[in-house]
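To start, the structure under review is shown below, and the notes come after it.
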Amino acid sequence: MKTNTNDAMRELPLNWQGDSLGRRFKKQIAFQIFVWFGLAFLLVFSYAPMFGILIAFKNYKISSGISGIFTSEWVGLRYFRELVRDYNFPNLVRNTLSISVLKLIFSFPVPIILAIMLTETRSAFMKRFVQTASYLPHFISWVIVSGMAYAFFSAETGLVNNLLISLHMIDEPLKILTDPNSFWGLAVGSAIWKEAGWWTIIFLAAIAGIDPMLYEAAEMDGAGRLKRIWHVTLPGMKAAIVSVLILSIGSILGGGLVGSNFEQVMLLGNSLNNDKSQIIQTYAFNVGLAQGRYAFAAAVDLVQSVIAVILVVSSNAIAKKVAGSSLY
Amino acid sequence: MRTTVEDRVVNVVNYILLTIVALSTLYPFYYILIASFNTGTDTAQGGLFLFPRQFTLENYKYFFSKQQWIEAFGITVLRTVVGTVAGILFTSLVAYGLAKKDLILRKFYYIAVIVAMNVSGGLITYYVILRSIHLLNTFWVYVIPSMLSLFFLLIAVSFFQEIPAELSESARIDGAGELKIFIRIILPVSLPLLATMCLFLGSGQWNSWLDSAYFVQNNHLRTLAYRMMEVINQANMPTDAQSAQYTAQAKVTSFSVQATAMIISVFPIICVYPFLQKYFVQGMMLGSVKG
C-alpha cells in the first residue's frame with residue numbers, strides 16, 4: 001500500500017490526494033456496487049435463513065413472515081424435547097448415521113481404484129472411453145437415476161428380477177425397492193454408480209503429478225506392476241486422498257463425496273421402506289412442509305447441523321493428529 | 001520394456017474390469033433408450049435386453065400429445081435458458097467487482113462469502129424466507145435464488161484477476177463505464193470460464209426437481225424432472241393404481257412413457273457433453289484447488 005502511494009505521488013504529484021480513502025472509494029464505486037448486489041443476494045438467500053433458525057426456539061406462525069422470526073414468543077427447548085420423545089427419533093438418527101458411514105466406507109475407495117485402473121491401461125482409447133462414460137452419470141438428475149433403479153429393480157417389471165427369474169435363479173422377485181432391509185445397499189450402490197467416476201478426475205490428476213523417474217527407478221529395482229502401484233502410485237496420491245477424505249468426512253451427513261442423501265431418500269424412499277430410509281433432513285422437510293410445523297422442523301434441521309459441525313471439527317482434529325494436514 | 005507374465009495378467013484383468021465399469025455405466029442408458037422405442041405392453045412381458053422387439057414411435061407421440069408433458073418440457077427449457085444466463089451474468093458481475101485489486105472492505109466481503117458457503121440455515125427456514133418474499137409459486141423461484149453460485153464466484157474472481165489490466169485500462173481512458181467494460185471486454189475474453197459455468201449451472205437447472213415439487217403449486221409451472229418423479233412415484237406405489245391411467249392407449253404403459261421422458265431429458269445433456277468435457281475437467285481442478 002505504502003509503495004503504491006509513493007509510486008502514484010511520483011507519477012502524478014498533483015493528484016496525490018487521490019489515494020485518500022474517500023477518493024479511492026469514489027473511484028471504485030462501480031466495483032463496490034457490483035459487490036453489493038451480491039451481498040444483498042447473500043443477505044436474503046443465505047443470511048436470512050441462518051437467522052431464521054431462531055424459529056426453532058419460538059412459537060412461530062408462518063403467516064407472520066420475516067418479522068415474525070423476531071417478534072414471536074420464545075418457547076425455549078420445547079421442540080427439541082418433542083423431537084427426542086418422537087418415536088421416529090432413534091430410527092432417524094440410526095438411518096442418518098448408517099447411510100452416511102456406509103457411503104463413506106464403500107464409496108471412498110472406488111474412485112481411487114478406478115483412477116489407478118485407468119492409468120494402468122495401455123490403450124489410450126480404452127482410457128478415454130471409460131473416462132467419458134464414467135463421468136456421464138454425474139450430469140443426470142437423481143430423478144433419472146431413481147427411474148433407472150425402478151426400471152432395473154422393480155418387483156413387477158424390473159429387468160434384474162426378470163432376468164433372474166427366467167434363469168431360474170430365484171422364484172420370487174426380489175423386492176429391492178420396497179424391502180426396508182435393502183434400502184441402505186440401494187442408496188450406497190446408486191450413489192457410487194452416479195458419482196464415483198466423477199471423482200476419479202482428482203485422483204487422475206494426482207497420479208499425473210507423480211515423477212515418472214520414480215516408476216523407472218522402481219522397475220530397475222525389480223518391482224513388478226502391482227508393486228509399483230503399491231509403492232509408487234499410492235504414496236504419490238496420499239495428499240489427494242487425505243484432502244478428499246477430510247472433505248468427505250466434513251460433508252458426511254449429506255452423503256460425503258457421493259452426496260445427495262436427501263435427494264436419494266426423497267426419491268427412493270417410500271411408505272414401505274420408511275423404517276430404514278427416513279433420515280433427519282427428510283423428516284424435517286416432510287414434517288415442516290407437509291404438516292406445516294415449521295418451527296419444529298427448523299429445530300430438527302438445527303439438530304442435524306449441530307451433529308454435522310461436531311463431526312467436521314472432530315474429524316479435522318483427528319486428521320491433524322494422524323496425517324498432519326487439515327482443512328483449516 | 002519387457003512384458004512379464006505379471007504385466008500380461010494385470011493388463012487382461014484391468015481390461016475386463018474396465019469393460020465391466022463402462023458397460024454398467026452405459027447399459028442403463030441404453031436399456032432406457034430401447035424401452036422408449038419398444039411398445040410398452042411388449043416391454044412389460046419382460047426379456048427386453050438388447051434391441052427393441054416391437055419398434056414403435058408411439059411412446060414419443062404419446063409424450064408430445066400430452067399437455068402436461070409439453071408444458072413441463074417448455075418450462076424446463078425456459079428455466080434452463082433464463083436461469084443459466086442470469087446465473088452466469090450475475091455471478092460474474094459480482095466476481096468482477098470482487099476481483100478489483102485494491103477493493104476497500106474486500107476482506108469483509110470474502111468472509112461474508114465463505115461463511116455463506118459453509119453455513120446453512122436449513123431447508124425449512126429457506127422455505128420460510130422464500131415464502132415471505134413472495135417467490136413461492138412463481139416462475140422466478142427457479143431463477144432468482146440460484147442466480148449467485150458461490151463456488152463459481154470464487155473461481156471467477158481468480159479468473160478475472162489473471163486478465164491483464166491493460167485490456168480494460170485503455171477503454172477506461174476512453175471514458176467507458178465499468179459495466180460497459182465488463183460486458184464488452186471482460187466477458188468476451190472469459191469464454192472458457194463462461195463455458196464451464198454454462199455446463200454446470202445449465203445441467204443444475206435442467207435437472208432440478210425439488211423446487212418444482214415443493215416451492216410451486218401451480219401445475220402449469222412444473223418441470224420435466226418433476227413430472228418424471230411423479231410418474232416414478234406412482235409406479236412405485238405398492239397398489240398398481242397407475243395402470244388404469246393409460247389403458248386408453250393400448251400399447252403405451254406408464255413405464256414406457258417414463259422411459260421416453262427420461263430419454264428426452266437426458267438427450268440434451270448427452271449432446272453437449274462431449275464438447276464441454278475439457279471445460280468440466282478444468283472446472284473440477286480449479287474447484288479442487290480452492291476446496
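Observations on the model:
- Within the range B:141-197, considering residues that are under 20 Å from B:TYR109 (Cα atoms) and of a type in the set (Val, Ile, Thr), the one surrounded by the fewest Cβ atoms within 10 Å (Cβ to Cβ): B:VAL157
- Check on A:THR157, at the interface with chain B (Cβ under 9 Å from one of its Cβ atoms) and over 24 Å from A:LEU234 (Cα atoms): yes
- Residue match in the range A:295-311 (condition: in contact (Cβ under 8 Å) with a residue 40 or more places away in the chain and more than 11 Å from chain B (Cβ to nearest Cβ)): yes
- Helices (runs of 4 or more DSSP H) contained in the range A:25-113 and holding at least 3 residues away from chain B (no Cβ under 14 Å): A:78-85, A:89-107
- Filtered by the rule that a residue be β-branched (Val, Ile, Thr) and surrounded by 15 or more Cβ atoms within 10 Å (Cβ to Cβ), the range A:76-100 gives A:VAL93, A:THR96, A:ILE99.
- Out of B:ALA35, B:ALA72, B:ALA22, sole residue that is under 13 Å from B:VAL257 (Cα atoms) and small (Gly, Ala, Ser): B:ALA35
- Residue within the range B:106-125 that is of a type in the set (D, E, K, R), farther than 18 Å from A:TYR47 by Cβ and free of Cβ contacts under 8 Å to residues at least 60 places away in the same chain present: yes
- Flag for B:ILE133 being crowded, with 19+ Cβ neighbours inside 10 Å and free of Cβ contacts under 8 Å to residues at least 24 places away in the same chain: no
- Yes/no for A:GLN32 being of a type outside the set (A, V, I, L, M, F, W, C), farther than 20 Å from B:GLY121 by Cα, at pLDDT 90 or above and not assigned by TED's automatic domain parsing to the domain that holds A:ALA196: yes
- Residues satisfying the stated conditions in the range B:64-104, i.e. free of Cβ contacts under 8 Å to residues at least 60 places away in the same chain, part of a helix (DSSP H, G or I) and within 14 Å of another protein chain (Cβ to nearest Cβ): B:LEU89, B:PHE90, B:VAL94, B:GLY97, B:LEU98
- Residues in the range B:2-37 that are aromatic (Phe, Trp, Tyr), without any contact (Cβ under 8 Å) to a residue 60 or more places away in the chain and within 9 Å of another protein chain (Cβ to nearest Cβ): B:TYR15, B:TYR31.
- Among (1) surrounded by 16 or more Cβ atoms within 10 Å (Cβ to Cβ); (2) at the interface with another protein chain (Cβ under 10 Å from one of its Cβ atoms), the one test that B:PHE49 misses: (1)
- Here A:ILE140 does not fit the description of being within 20 Å of A:LEU245 (Cα to Cα), buried (at least 20 other Cβ atoms within 10 Å of the Cβ) and at the interface with another protein chain (Cβ under 7 Å from one of its Cβ atoms).
- A residue that is assigned by TED's automatic domain parsing to the domain that holds A:GLU195, of a type outside the set (A, V, I, L, M), in contact with a Leu (Cβ under 7 Å, 6 or more places away or on another chain) and modelled with pLDDT of 90 or more occurs nowhere in the range A:154-167.
- Residues satisfying the stated conditions in the range B:162-219, i.e. among the β-branched types (Val, Ile, Thr) and within 16 Å of the chain's Cα centre (by Cα): B:THR196
- Those residues of the range B:31-50 which are under 21 Å from B:PHE63 (Cβ atoms) and part of a loop (DSSP other than H, G, I, E, B), in sequence order: B:PHE37, B:THR39, B:LEU48
- Residue among A:ALA196, A:ALA191, A:ALA151, A:ALA206 that alone is at the interface with another protein chain (Cβ under 8 Å from one of its Cβ atoms), of a type in the set (A, V, I, L, M, F, W, C) and within 29 Å of the chain's Cα centre (by Cα): A:ALA151
- On the stretch given as the range B:142-161, residues that are of a type outside the set (Phe, Trp, Tyr), within 15 Å of the chain's Cα centre (by Cα) and not in a helix (DSSP H, G or I) total 3.
- No other residue among A:ILE112, A:ILE170, A:ILE144 is assigned by TED's automatic domain parsing to the domain that holds A:ILE252, free of Cβ contacts under 8 Å to residues at least 24 places away in the same chain and within 29 Å of A:LEU257 (Cα to Cα) apart from A:ILE144.
- Residues located in the range B:229-244, provided they are modelled with pLDDT of 50 or more and assigned to a helix (DSSP H, G or I): B:MET229, B:GLU230, B:VAL231, B:ILE232, B:ASN233, B:GLN234, B:ALA235, B:ASN236
The values are calculated or read from the model by the stated rules, or taken from the named source; none is laboratory data. Because the structure is a prediction, the values reported are computed rather than measured. Using ideal geometry, Cβ is built from the backbone for each residue, glycine included, and neighbour counts are taken over all protein chains shown.
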